[in-house]
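The values are calculated or read from the model by the stated rules, or taken from the named source; none is laboratory data. From a predicted model like this one, the values you see are computed outputs, not experimental measurements. Virtual Cβ from ideal backbone geometry, glycine too; neighbours counted across all protein chains shown.
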Amino acid sequence: MPTKREIHELVDQLPEEEVPTVHRILQVFCADQAWRSLLNAPYDDESETEEERHAVDQARASLDRGEGIRHEEIRREFGL
């Protein structure tokens with residue numbers, strides 16, 4: 001389990017241009033109870049169904065065809 005000290009060390013290593021993004025993430029994490037609940041939810045240990053495997057295969061094929069959304073576009077959309 002990481003300690004707060006380790007997190008502080010990571011923050012100290014952040015490139016300056018990423019500080020605003022990490023700041024927003026930490027604000028959401030600290031303020032949003034639903035977000036914290038999701039992060040603390042137990043690991044899903046149920047086996048993947050054939051339907052789920054098929055959906056993942058379709059998603060990967062879509063990305064292979066270039067139909068995904070670029071990371072930069074998502075960041076821009078959310079003002080990050």
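Residue by residue, here is whether (1) in contact (Cβ under 8 Å) with a residue 24 or more places away in the chain; (2) under 17 Å from Leu80 (Cα atoms); (3) surrounded by 11 or more Cβ atoms within 10 Å (Cβ to Cβ); (4) out of contact with any Pro (no Cβ under 9 Å at 6 or more places or on another chain) holds:
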site: Lys4; (1), (2), (3), (4): no, no, no, yes
site: Leu14; (1), (2), (3), (4): no, yes, yes, yes
site: Glu17; (1), (2), (3), (4): no, yes, no, yes
site: Thr21; (1), (2), (3), (4): yes, yes, yes, yes
site: Arg24; (1), (2), (3), (4): yes, yes, yes, yes
site: Cys30; (1), (2), (3), (4): no, no, no, yes
site: Asp44; (1), (2), (3), (4): no, no, no, yes
site: Ala55; (1), (2), (3), (4): no, no, yes, yes
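What number of residues within segment 21-80 satisfy the criterion of being hydrophobic (A, V, I, L, M, F, W, C) and either touching a Gly at 6+ places or on another chain (Cβ under 6 Å) or over 30 Å from Val11 (Cα atoms) (or both)? Outline the logic, then answer.
Of the residues in segment 21-80, the ones hydrophobic (A, V, I, L, M, F, W, C) are 22, 25-26, 28-31, 34-35, 38-39, 41, 55-56, 59, 61, 63, 69, 74, 78, 80.
Then keep just the ones that are either touching a Gly at 6+ places or on another chain (Cβ under 6 Å) or over 30 Å from Val11 (Cα atoms) (or both); that gives 55-56, 59, 61, 63.
The total comes to 5.
Can you list the helices (runs of 4 or more DSSP H) found entirely within segment 1-59 that contain at least 1 residues being at pLDDT below 90? Write out each step before concluding.
Working: elements: 4-13, 19-31, 33-39.
The qualifying helices (runs of 4 or more DSSP H) are 19-31, 33-39.
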